[in-house]
Amino acid sequence: MLSSTYKHVLHCILFFTLITIFLNNSPDVLNISFDPWTEYGLILTTILYSLRFLTFLTIPQVLFNFCGLVFYNAFPDKVVLKGSPLLAPFICIRVVTRGDFPHLVRANVARNINTCLDVGLENFHIEVVTDKPINLPKHPSHGGIREVVVPLDYQTRTGALYKSRALQYCLEDHVNVLNSTDWIVHLDEETLLTENSVRGIINFVLDGKHPFGQGLITYANEKVVNWLTTLSDSFRVSDDMGKLRFQFKFFHKPLFSWKGSYVVTQYQAEKQVSFDNGIDGSVAEDCFFAMRAFRQGFTFDFIEGEMHEKSPFTLLDYVQQRKRWLVGILLVVHSRMIPLKYKLLLGCSIYAWATIP
């Protein structure tokens, strides 16, 4: 079998080959034989050139993806522990759910506990934050399961909604059971830990240099429910390995934000940043949180090891998911709570997405 280094070299050769072929076969759009101002008129030509210049909004994201996919190994080896799991600080694995699929949550909690125990992690518990009671059963090998039901009448100071409301409820003094030096791993209800990701998280918290971290999520694992949505999510995998990895490994800043799952935070830092960000921070709560942490000077790092998730099961669910992301990130970019210098690259990215043909 080829080593990871050889695989990465072959990946880079193919990458540069495709770029070269594209450049050599692209039409010369600047070498035109007529005057567009005369042919189309002032208004139409201005519109056409404006649409052409909108493509430049993608340049920052393209450059970050390029650097991440070329400068860092795209086929990383198995994550090796840099210290004993017994020495790791306490880790809370927090899952936020509406409680609509209790069987899925119960099954994934059991699998995630077994994965942690297989790696040798003992100083942890799993916390499920839900709008509806799930009645989680006890695990035969690990008693650290906590179910937190968010009261219907709970309101945050700024009126945060949805997932941000549930996450903020966990930070309330009468609900929280964590110490300031403990760590939280945020997962969605369908997210599955792997032994690699648990080792990566242990290395990250043992290192302790950065209060926030995130890693790679892949989607084509186990049974694929919908191949079209799963293939569409392959873009997110390349995004994690490119842009996300480069911004965190090289700059240690969320220049383009981050995702809402496979998020690792130190409790004290998370409480200081807060999820209580009103309506602007309620639709894409992960993005708003990252921008606030960026503004407050916190640093980030990339965590080695992948986690597994499933793509939306139907095209309608896929479109609704993307719609929520688009609306939510636009709210963040337009929010007066985040100064322009912190969200400039994020703004370029979201407007490149919003204006793509």
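Values in this text are rule-based calculations from the coordinates and carry no lab data. Note that this is a predicted model, so its numbers are computed, not measured. We place every Cβ from the backbone using ideal geometry, glycine too, and count neighbours over all the protein chains shown.
With Kirkwood's inverse mean 1/r over C-alpha pairs for Rh, give me the Rg to Rh ratio of region 51-162, two decimals please. Please report the intermediate quantities before stating the final value.
Numbers: Rg = 20.7 Å, Rh = 18.1 Å.
With Rh from the inverse mean 1/r over Cα pairs, Rg/Rh is 1.14.
Note on Leu152 and Lys209: the model spin-label points, each 7 Å out from Cα along the C-beta direction, lie 5.0 nm apart. Fully extending the segment from Tyr162 to Asp118 would add 12.5 nm, taking 0.36 nm per residue of separation and subtracting the current Cα-Cα distance.
Could you give the length gained by full extension between Phe251 and Phe56, i.e. 0.36 nm per residue of separation minus their alpha carbon distance, to one decimal place?
On the way: separation 195, 0.36 × 195 = 70.20 nm, distance 2.24 nm.
Roughly 68.0 nm would be gained on extension.
D by Stokes-Einstein for region 227-284, Kirkwood Rh over Cα pairs, 4 °C, 1.567 mPa s: 95 µm²/s. Of Asn31, Asn196, Asn123, the residue with the greatest mean-square motion in the GNM of the chain, using alpha carbon springs below 10 Å, is Asn31. By the rule of a C-alpha distance below 30 Å, with chain neighbours fewer than 8 residues away ignored, the lysines paired with Lys341 are Lys163, Lys209, Lys243, Lys249, Lys253, Lys259, Lys271, Lys323.
Under a 5 Å amide H cut-off, with hydrogens placed 1.01 Å from N, Val148 pairs with Val128, Val129, Thr130 among residues at least 5 apart or on other chains.
In region 20-125, which trypsin sites (Lys or Arg not before Pro) fall in coil by DSSP and have 10 or fewer other Cβ atoms within 10 Å? Mind dumping the intermediate values first?
Details: sites: Arg52, Lys78, Lys82, Arg94, Arg98, Arg106, Arg111; in loops: Lys78, Lys82, Arg98.
Answer by residue number: Lys78.
Work out the P(r) tail for region 85-354: percent of alpha carbon pairs separated by more than 36 Å, whole number.
Details: 2773 of 36315 pairs.
Beyond 36 Å sits 8 percent of the P(r) for region 85-354.
Annotation for region 295-352 versus region 41-113: alpha-carbon center distance of 9 Å.
Peptides 62-71, 336-345 ordered by packing proxy, namely the average of other Cβ atoms within 10 Å per residue, highest first: 62-71, 336-345.
A straight chain from Glu222 to Tyr72 at 0.36 nm per residue would run longer than the Cα-Cα distance by 51.3 nm.
Between Ser84 and Met337, what is the spin-label point distance in nm, taking each point 7 Å from the Cα along the Cα→C-beta axis? Using points 7 Å along Cα→Cβ, the separation is 4.3 nm. Scanning residues 5 or more positions from Phe300 or on other chains, those with amide H under 5 Å from its amide H are Lys253, with H placed 1.01 Å from N in the peptide plane. Applied to region 202-208, the Karplus parametrisation 6.51 cos²θ - 1.76 cosθ + 1.60 on θ = phi - 60° returns per-residue 3J(HN,Hα) values of 4, 4, 5, 6, 5, 5, x Hz, with x for Gly and Pro.
Taking amide hydrogens as placed 1.01 Å from N in the peptide plane, the amide H of Asp182 sits under 5 Å from those of Tyr267, Gln268, each at least 5 positions away in sequence or on another chain.
Counting pairs of alpha carbon atoms under 8 Å apart in space and at least six apart in sequence, what relative contact order in percent does region 151-310 give? Walk me through the intermediate numbers first.
On the way: 254 pairs, mean separation 71.4, N = 160.
RCO, region 151-310: 45 percent.
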